[in-house]
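Worksheet for the structure shown next.
The values are calculated or read from the model by the stated rules, or taken from the named source; none is laboratory data. Remember, predicted model here, so these are calculated numbers, not experimental data. Neighbour counts run over all protein chains shown; Cβ positions are idealised from the backbone, glycine included.
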Amino acid sequence: MAEVLVLGSVNMDLVAEVDRLPRPGETLTGRGFATVPGGKGANQAVAAARLGMRTAMVGRVGKDGFGRILSDRLHAENVDTSALVASRKQPSGTALITLSPTDNQIIVVSGANAELGEADLDRLTPFFKKARVLLLQFEVPLPTVEKAAALAYLAGLTVIVDPAPAPKFGEPLSTDFCEYISVLTPNQTEAEQLTGIEILDVTGAIAAAEMLRGQGIEVVIITMGALGSVCTSANGSFAIPAFPVPVIDTIGAGDAFNGGLAAALCRADPALRLNDHNLLRPALDYASAVAALAVTRSGAQSAMPTAAEVEDFLKAR
């Protein structure tokens, strides 16, 4: 049975490469095109599986060609897809991505992901007997995410919530939901949207993290790309610098971090409390290394490193 559970989105990314982004009403000739399996849920599942974790994916795809490809890809990555359902009503989720050398535009069409609901929670709970961590994101209906968090937390799992895409600016997470979040992992932009605090440096990030933890969340980790990450718990706050690496593609970096964090927490000494910095510091180091390796490669799922690659990376530093 799985150690890491992921409930979330499974998408096919349709990526068009251009020299620059088009203006409204403008037609451009692209430089390349690719169909790439994605979705934050699926990306995080692949990240955890490549790190050696027994991983299960709970989600929905369409009963279409994309759905078969997405399911087969997860299975090939050793992700348990027994709780991945093919919808009869909706097509597979898609993300239309226009990618320039300096920027991108993304339109996400939820498709089958929007159907994730009570029946999927029934498929999730049988995994609780063996699982240690549940990974959640916001690309599927929020009420389902909130219920999944409550069920898993009360069953004794560590619940990691990646609040992406973030709610509207300044719109807080519900109090009841926060009580069931073990670790919240917004990036810099998402933390700003959740708190209204502008984050320009580590000091601003810690202030935002402390505000979020004050809402009832046990641990808050804010990732800031090249600025590293900060962590706040009942035992105080600390910062972890980023690993300096040549950046090729940042798509999927956050998913790599969350998959790495889940793997690190699964392997940690169960006698340590989650807010113990003797657990959190090495877990953040490990997750940061996973993300650092991912950004040195193109793509999302294809860029996720293996456990051996991460260990070699950390030993070399």
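Observations, loosely collected:
- Among the candidates A292, A271, A307, residue that is among the hydrophobic types (A, V, I, L, M, F, W, C) and more than 29 Å from R73 (Cβ to Cβ): A271
- Pairs are defined by a Cβ separation below 6 Å, a sequence spacing of at least 6 or placement on different chains, a first member in the stretch 138-159 that is among the hydroxyl-bearing types (S, T, Y), and a second member that is surrounded by fewer than 17 Cβ atoms within 10 Å (Cβ to Cβ) and not in a helix (DSSP H, G or I); the pairs so defined are T144/G117.
- Tabulated pairs, the stretch 98-111, first within 14 Å of L28 (Cβ to Cβ), second loosely packed, with under 13 Cβ neighbours inside 10 Å and modelled with pLDDT of 90 or more, C-beta under 6 angstrom, 6+ apart or interchain: S100/R20
- Among the candidates V290, V295, V247, residue that is under 22 Å from G39 (Cβ atoms), of a type outside the set (D, E) and modelled with pLDDT under 95: V295
- So Y180, is it over 15 Å from Q137 (Cα atoms) and not β-branched (V, I, T): no
- Among the residues of the stretch 154-169, some residue qualifies, meaning at least one is at pLDDT 95 or above and part of a helix (DSSP H, G or I).
- Restricting K89, K40 to residues that are over 30 Å from K129 (Cα atoms) and charged (D, E, K, R) narrows the list to K89.
Quick grid of which residues meet (1) in contact (Cβ under 8 Å) with a residue 40 or more places away in the chain; (2) over 18 Å from L7 (Cβ atoms); (3) not hydrophobic (A, V, I, L, M, F, W, C):
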position	(1), (2), (3)
T185	yes, no, yes
A191	no, yes, no
G204	no, yes, yes
M211	no, yes, no
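- A Cβ distance below 6 Å, combined with a sequence gap of six or more or placement on separate chains, defines the contacts here; from the stretch 1-30, residues that are at pLDDT 95 or above and part of a strand (DSSP E or B) reach residues that are of a type in the set (V, I, T) and crowded, with 24+ Cβ neighbours inside 10 Å in the pairs V4/T55; V4/V133; L7/V58.
- Qualifying residue in the stretch 152-167 (condition: of a type in the set (D, E, K, R) and crowded, with 21+ Cβ neighbours inside 10 Å): yes
- The lone exception for R297 - which of (1) touching a residue at least 60 places away in the same chain (Cβ under 8 Å); (2) surrounded by fewer than 24 Cβ atoms within 10 Å (Cβ to Cβ); (3) not acidic (D, E) it fails: (1)
- Once the stretch 258-272 is narrowed to residues that are assigned to a loop (DSSP other than H, G, I, E, B) and in contact with a helix residue (DSSP H, G or I) (Cβ under 9 Å, 6 or more places away or on another chain), the residue that is farthest from V295 (Cα to Cα) is L272.
- Matching residues, the stretch 31-56, being surrounded by fewer than 20 Cβ atoms within 10 Å (Cβ to Cβ), under 21 Å from the mean Cα position of the chain (by Cα) and assigned to a loop (DSSP other than H, G, I, E, B): G52, R54
- Tally of residues being closer than 15 Å to N11 by Cα, of a type outside the set (D, E, K, R) and not in a helix (DSSP H, G or I) across the stretch 57-78: 5
- Filtered residue count, the stretch 90-104, keeping only those that are modelled with pLDDT of 95 or more and more than 20 Å from the chain's Cα centre (by Cα): 2
Residue by residue, here is whether (1) out of contact with any Phe, Trp or Tyr (no Cβ under 9 Å at 6 or more places or on another chain); (2) buried (at least 21 other Cβ atoms within 10 Å of the Cβ); (3) assigned to a strand (DSSP E or B) holds:
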{"site": "L200", "(1), (2), (3)": "yes, no, no"}
{"site": "T203", "(1), (2), (3)": "yes, no, no"}
{"site": "A209", "(1), (2), (3)": "yes, yes, no"}
{"site": "A226", "(1), (2), (3)": "yes, no, no"}
{"site": "C231", "(1), (2), (3)": "no, yes, yes"}
{"site": "A239", "(1), (2), (3)": "yes, no, yes"}
{"site": "P244", "(1), (2), (3)": "yes, no, no"}
{"site": "I248", "(1), (2), (3)": "yes, no, no"}
{"site": "A256", "(1), (2), (3)": "yes, yes, no"}
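- All of (1) closer than 26 Å to K130 by Cβ; (2) touching a residue at least 24 places away in the same chain (Cβ under 8 Å); (3) surrounded by fewer than 24 Cβ atoms within 10 Å (Cβ to Cβ) hold for D285 with one exception: (1).
- Of all residues making up the stretch 170-196, the number that are crowded, with 17+ Cβ neighbours inside 10 Å and either of a type outside the set (S, T, N, Q) or in a loop (DSSP other than H, G, I, E, B) (or both): 14
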